[in-house]
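These notes concern the structure reproduced below.
The values are calculated or read from the model by the stated rules, or taken from the named source; none is laboratory data. Quantities reported herein were computed from a predicted structural model and do not represent experimental measurements. Virtual Cβ from ideal backbone geometry, glycine too; neighbours counted across all protein chains shown.
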Amino acid sequence: MIEVLNLTKKFNGLTAVDNCSFSLEKGETLILLGTSGCGKTTTLKMINRLIEATSGKVFIEGKNIQDQKPEDLRKQIGYVIQSIGLFPHYTVEQNVAIVPNLLKWDKKQTVSRTRELLELVGLPPDDFLKRKPEELSGGQQQRVGLARALAADPSVVLFDEPFGALDPITRRQIQKEFINMESLLQKTMILVTHDVFEACELGDKICLMNEGKIKQIGTAKELIFSPHDDFVINFFQANRFQLELMVLTVKDIMEAIPKKECKGEAVQDFYEDARILDVLEAMGNIPQKEPILRIKSRDNKKICQTTSERIMTAFYKKRAKLLQ
Amino acid sequence: MNFIEFIFTHQGEIIEQTGEHIGLTVVALAIAVFLGLPLGIMLTRYKKFSPSVLGVIGVIQTIPSVALLGFLLPLLGIGVTPAIVALFLYALLPIVRNTYTGIEEVDPAVREAARGMGMSDLQILANVELPLAVPVIFAGIRTATVINVGVATLCALIGAGGLGAFIFRGIALNNVYMILAGAIPAAMLALFLDMILGLLQKFIRPLIKPILILSSLVVFVIIPFIIVPSFFVHPFTAGFTAEFMERSDGYPGLKKHYNLSLNTVELDPGLMYHALKEKKVDVICGFSTDGRILAFKLKVLKDDKHYFPPYHVAPLVRGETLRKYPVLRELFSKLADVITDKKMTELNFRVDYKKEPPSQVAKDFLTQMGLEVIKNKKDKADIIIGSKNFTEQYILAYIFEQLIESYSDLSVELKTGLAGTKICFDALINEEIDLYPEYTGTGLHVILKAEKEISNTILRDERKVYDFVKKESKKRYDLEWLQPLGFNNTYALMMRESQANELDIETISELEYFLNKND
């Protein structure tokens, strides 16, 4: 779907992005992760040609982006930025309709699409269509920003630290909605962030960058348990324990959970692909001594009954094995 | 006559001048908007030029208005064209700078989002940057409007009309009603135009695209239309000061006396001589001993039907001083009738244009006359000589001083630069000075305030005027007019020497003949 080959950008002799290559399948989400100034945003902006590459190539659906006019290219790619950039003199409706209008869509089609999108991002159209951006909260603005990026139903969406400006609670909530948003499932997305939790939460793949170079590309699990070098290890070190609980699922540690069934009524069910962190968090909230949980497969077959303690023990065993 | 009556009797003129004023302001403003807006936009696209371009426009803004009109005179002459160009130049800075700033201040995130969605540069400009910059741009246009309404009053000084005509004529004639009749409509006009723009601002966003198109049209069509005609030949034109146009002993009387009909424009006294030199007008009303006559090679037309009142200069001395130092009478007789108009013009020229000190010029003059100048200063002054505050008077005061000190053992103190007739005269009456050079015409009108019947009967005869002021001053104030020095510094019509010679015009009658012949 997206193929990036040897992309390089030099500003006045300084190399901002150095020979980066990666690719994404359709529907995949790639996270460009790194500290400030590592070249992740520059890489992103070279994909919709807001920044022109010094050398290297980008193909989207097999087409070289250099073969299209930048404006035409950008109309096909959704773009969401941290500062949102809603037009302050436009209403919410006009903001969402910008790209359809640029593409000269039929008026009726644009109107119905706008309503549909506002529903989708959780803003009741009748309340919000006529409002101006200044009348919206930060979270609402970012939802409108997302609706605007999706307006013309692009197959590719680029995000530049989309949740960076939100307070932690709103951020977490929108991230959750983001993951579950059906209209995003089919999209090929590249998202820039410096937040390791966001990266592990949202990304199918993570591309960790430093000083313009790609340090490692892979799933969150690969980066945490099979780091290529010390930089990768150090990057996650501060939040290591929590991240490990996030990237491992119950299924990953199943072999280490004692086979002996816990007797009694299970208080909660979990699918086997649930993250250990989520399981522990959920069980920790239950005000009962040693509550029992049940693990099921996706086709709803019971796999086993166990407790948080056993899962924790199993996690430690598995972790030791993975880190060897 | 009170102010209301004045307004009613002059309402035609007020309306006409207001119309001219609006015309000047609006045309200049429109050009400034349609040129300044694109220029401001260009600067946001080519930022490295912005400091230099804004700097240059800023420097133009700092040029005093009358000076700017003076700079434009050789290029564009007088009348409406240079007025509009000057107004345009003054309007440019607020418009260009505010356009530039307004666009620059658009949130970069909004611009990035617009670009990221695939808007072209032109679409971003028309749909995002300009609409968001509207308040700032309009603030600039409104500033420019108020500046222009103000500066447009000065355009009366170069014959472009407008409410300034009333204001300057009012100042020249010390007529408060006339000043107000120009100033009040001008102030109201500024407020009114500002209000209109304020209203327009609310509805401007949908109009941005038509304005962009219109602005390119203006640049290529209207401006050449205005600029080009000024380079063509103009008819024989007279440039007169507001005062001369209005005074009954100025142009209105001259017209009747010589049956003269001239194509006139009103000009600033300072710019008038320049306008004549630069061939923008062909005849002006100057003063017959002005140094510029020599500097600009002008020719004074002979007043062959004796229209202009005589302004012969003579020392005006307190009677008591004369009785105390009778030698003065004898001393000043050396100066009787020795300075011709031409000589005085030359002396003025040397001070005004050669920048020689008046004392040196005075000394040279006396030496030329065969009089020896010796300095013998005592500590205490016996005689105090005053003068008014223009070149000729300074020179005369120095001549008097040096003459007295060289040929008597009296010591002289100078109190030069007194601002105007009234101050000189009061100083004389109050014994603060003993003598100063005064003009017979001024004596008649200002000092003695002669009644109309008297002045009308004697006005055309220089001898009678002198005799009248001599007798009356003696009687009323115990002041003595000594013998006149010879020259007559009065109003005079003047032309370029080259043109006058070419057309063979020496006198005002010949000018009248020439004009009637060509009609």
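Could you please find all residues in segment B:445-469 being aliphatic (A, V, I, L, M) and at pLDDT below 85?
Within segment B:445-469, B:Val446, B:Ile447, B:Leu448, B:Ala450, B:Ile454, B:Ile458, B:Leu459 qualify.
What about A:Met283, is it free of Cβ contacts under 8 Å to residues at least 40 places away in the same chain and outside any loop (DSSP other than H, G, I, E, B)? Full working, then the answer.
Values: free of Cβ contacts under 8 Å to residues at least 40 places away in the same chain: yes; outside any loop (DSSP other than H, G, I, E, B): yes.
When the stated conditions are applied, A:Met283 passes them.
Need at least 3 residues that are among the β-branched types (Val, Ile, Thr) and away from every other protein chain (no Cβ under 14 Å) per element, so show me which helices (runs of 4 or more DSSP H) inside segment B:27-128 make the cut, counting only ones lying wholly within it.
On the way: elements: B:50-62, B:65-76, B:80-104, B:108-116, B:121-124.
Where helices (runs of 4 or more DSSP H) fall fully within segment B:27-128 and carry at least 3 residues being among the β-branched types (Val, Ile, Thr) and away from every other protein chain (no Cβ under 14 Å), they are B:50-62, B:80-104.
Take the residues in segment A:141-199 that are more than 23 Å from A:Glu93 (Cβ to Cβ), of a type in the set (Val, Ile, Thr) and buried (at least 18 other Cβ atoms within 10 Å of the Cβ), then tell me which one is farthest from the other protein chains (Cβ to nearest Cβ).
Out of the qualifying residues, it is A:Val196.
For A:Lys321, all conditions in the list (1) under 27 Å from the mean Cα position of the chain (by Cα); (2) among the charged types (D, E, K, R); (3) in a helix (DSSP H, G or I); (4) within 13 Å of A:Asp252 (Cα to Cα) hold save one; what is the number of the exception?
(1)
Can we say A:Ser155 is touching a strand residue (DSSP E or B) at 6+ places or on another chain (Cβ under 7 Å), assigned by TED's automatic domain parsing to the domain that holds A:Leu24 and within 29 Å of A:Asp195 (Cα to Cα)?
Numbers: touching a strand residue (DSSP E or B) at 6+ places or on another chain (Cβ under 7 Å): yes; assigned by TED's automatic domain parsing to the domain that holds A:Leu24: yes; within 29 Å of A:Asp195 (Cα to Cα): yes.
So A:Ser155 fits the description; yes.
Restricting the search to segment A:106-129, which residues are among the charged types (D, E, K, R) and either assigned to a helix (DSSP H, G or I) or touching a Leu at 6+ places or on another chain (Cβ under 7 Å) (or both)? Steps first, please.
Start the filter on segment A:106-129 by keeping residues that are among the charged types (D, E, K, R), which leaves A:106-108, A:113, A:115-116, A:119, A:126-127.
Within segment A:106-129, A:Lys107, A:Lys108, A:Arg113, A:Arg115, A:Glu116, A:Glu119, A:Asp126, A:Asp127 qualify.
Among residues belonging to segment A:95-131 that are surrounded by fewer than 18 Cβ atoms within 10 Å (Cβ to Cβ) and within 14 Å of another protein chain (Cβ to nearest Cβ), point out the one that is farthest from B:Met119 (Cα to Cα).
A:Trp105
When you scan segment A:4-53, how many residues do you find that are assigned to a loop (DSSP other than H, G, I, E, B), touching a residue at least 40 places away in the same chain (Cβ under 8 Å) and surrounded by 15 or more Cβ atoms within 10 Å (Cβ to Cβ)?
7
State all residues of segment B:252-274 that are modelled with pLDDT of 85 or more and under 16 Å from B:Lys299 (Cα atoms); if no residue qualifies, say none.
Hits for segment B:252-274 are B:Met272, B:Tyr273.
State which residue is farthest from A:Asp18 (Cα to Cα) when the search covers only segment A:53-89 and only residues that are more than 7 Å from chain B (Cβ to nearest Cβ) and in contact with an Asp or Glu (Cβ under 6 Å, 6 or more places away or on another chain).
Here the answer is A:Gln82.
In segment B:365-392, what count of residues is obtained for those that are surrounded by fewer than 22 Cβ atoms within 10 Å (Cβ to Cβ) and in a helix (DSSP H, G or I)?
So the answer is 4.
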